[in-house]
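Data block below; observations after.
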């Protein structure tokens, strides 16, 4: 799935799961073991939820020996944390549509896509973060990384004169995305049409040049 | 705790738990039973989390007979759903500070207070909503009620000429609150100073009269 740019590329772990036979895989045996294990974690999470992600189940599904899974990942929290770390390591570049509103809307479309899938692995990981402190820490790191990378869309808008710098860039990106997470991940509502756009529009309007409510 | 106005008044269930001896309690025996049961649910949630909220544990802690708890609430999901329904029934009036920014900031302070408590019952209920479909439905109803009631702060601002009606009132309130939920409930971060204000400011600025980024 090279070239596909997702806010949360966790799905790509799975999409790489079935290499063409004979294809060289980068990273050697340890990397291949990790990929098999994380592919199994993603599949189990998606199909059966957090409670089903056990060392035994992951060993069986991945074909990796139980003692290897145990030694390297220890427990469900370790498995979930590494799933998120793998997602964070995926290349992700924020969009560059030419306008702040366009960029924030595109990021939000990616967030909607990641959350609205009925078998969303992102939703499963969010749910897991309420059970596993290790998964919660990994999810925080994942989002911290994405928001740090996304800040450039605000910085570019400021450079274009399209936005003032009166609000911190990360705050603007979080403001754009947070309503989507609130509606889809916390309220578990449907993805209503226009949600990505309306949330992006509010954040973009708040930093548009001109008088704000109060500086 | 009469007169205290909280976004999430779930804590009030507990604060009413120990009536002054001889005080008349409204609602009769059924209401008293419900209060004892929900007080026990809140205490167990806060102290031990979702997994500890069982019919047996609630019966023991509340002193209400197990068969009564089972007949009326059925399972942990039913107990959590009724806890949220009780919170929704609490009187809550949105603030009326005279400015949209003031009102949204005050709502956000209430949300921060509900989430930042180390033994936050709100956080415990959010976590529970990922385990129990009944709790998830009840949490959605609770938030739907709060956002519907809070919409008046935007309507008043429009009437004062302080805001334009170009964005739906509920969308504005969700935009103000969502970053607080994102940082404290999803990212499980600390309540950084200024979070309530900065999120309120972005939402208020987005509906301030004047040119928006794009209408």
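We did not get these values from a lab; they are worked out from the coordinates using the rules stated. Please read these numbers as outputs of a predicted model, since none were measured by experiment. Here Cβ is always computed from backbone atoms with ideal geometry, including for glycine, and neighbour counts include all displayed protein chains.
Between residue A:68 and residue B:54, the FRET efficiency estimated from the beta carbon spacing at R0 = 30 angstrom works out to 0.25. Note on B:195-205: average number of Cβ atoms from other chains within 10 Å of each residue's Cβ is 6. Each copy carries a label point for residue A:71 at 7 Å from Cα toward Cβ; from one copy, the others' points are 5.9 nm away, ordered from shortest. Counting neighbouring beta carbons within 10 Å and listing from fewest to most, the residues A:177, B:8 come out as B:8, A:177.
The helix-based estimate of mean residue ellipticity at 222 nm for the protein assembly as shown, built from -39,500 (n - 2.57) per DSSP H run of four or more residues and divided by its residue count, is -20000 deg cm²/dmol to the nearest 500. Taking all Cα-Cα distances within the stretch A:125-215, those exceeding 18 Å account for 54%.
Starting from the label point of residue B:145 at 7 Å along Cα→Cβ, the same points in the other copies fall at 4.1 nm, in ascending order. Take residue B:54, push a point 7 Å out from Cα through the beta-carbon direction, and compare it with the same point in every other copy: 1.8 nm, smallest first.
At q = 0.20 Å⁻¹, work out log10 I(q)/I(0) for the stretch A:64-182 with the Debye formula, treating every Cα as an identical point scatterer and leaving solvent out; two decimals please. So the normalised log intensities are -1.10. The angle separating the long axis of helix A:133-159 from the principal Cα axis of greatest extent in chain A is about 30 degrees. Comparing A:95, A:118, A:133 in a Gaussian network model of chain A (Cα springs below 10 Å), the most mobile by mean-square fluctuation is A:118.
Relative to the longest principal axis of the Cα atoms of chain A, the long axis of helix A:76-89 makes an angle of roughly 50 degrees. Quick note on chain A: its Rg to Rh ratio, both from C-alpha atoms and Rh being the Kirkwood radius, is 1.03. In chain B, the beta carbon lying closest to the axis that superposes B onto A belongs to the residue given here with its whole-angstrom distance, B:178, 2.
Sequence-distant contacts, meaning Cα pairs under 8 Å at least 6 residues apart, place the relative contact order of chain A at 21 percent. In summary, the convex hull built on the alpha carbon positions of the protein assembly as shown has an orientation-averaged projected area of 23.2 nm². Considering only A:51, A:75, A:85, the mean-square fluctuation computed in a Gaussian network model of chain A, springs between alpha carbons under 10 angstrom, is largest for A:51.
Listed by Cβ neighbour count within 10 Å, with the fewest neighbours leading, B:73, A:92 appear as A:92, B:73. Relative to the longest principal axis of the Cα atoms of chain B, helix B:195-206 runs at roughly 50 degrees. Largest GNM mean-square fluctuation across A:32, A:71, A:156, computed for chain A with C-alpha springs under 10 Å, falls on A:71.
Averaged over the residues of peptide A:123-129, the number of Cβ atoms from other protein chains lying within 10 Å of each residue's Cβ is 2. Using C-alpha pairs below 8 Å separated by at least 6 residues, the relative contact order for the stretch B:94-206 is 37 percent.
Placing dummy labels 7 Å off each Cα toward the beta-carbon, the span from residue A:31 to residue B:165 is 5.9 nm. Let a ≥ b ≥ c be the square roots of the eigenvalues of the Cα gyration tensor of the stretch B:55-120; is it rounded (a/c under 1.5), or, if not, prolate (a/b larger than b/c) or oblate? Verdict is prolate for the stretch B:55-120.
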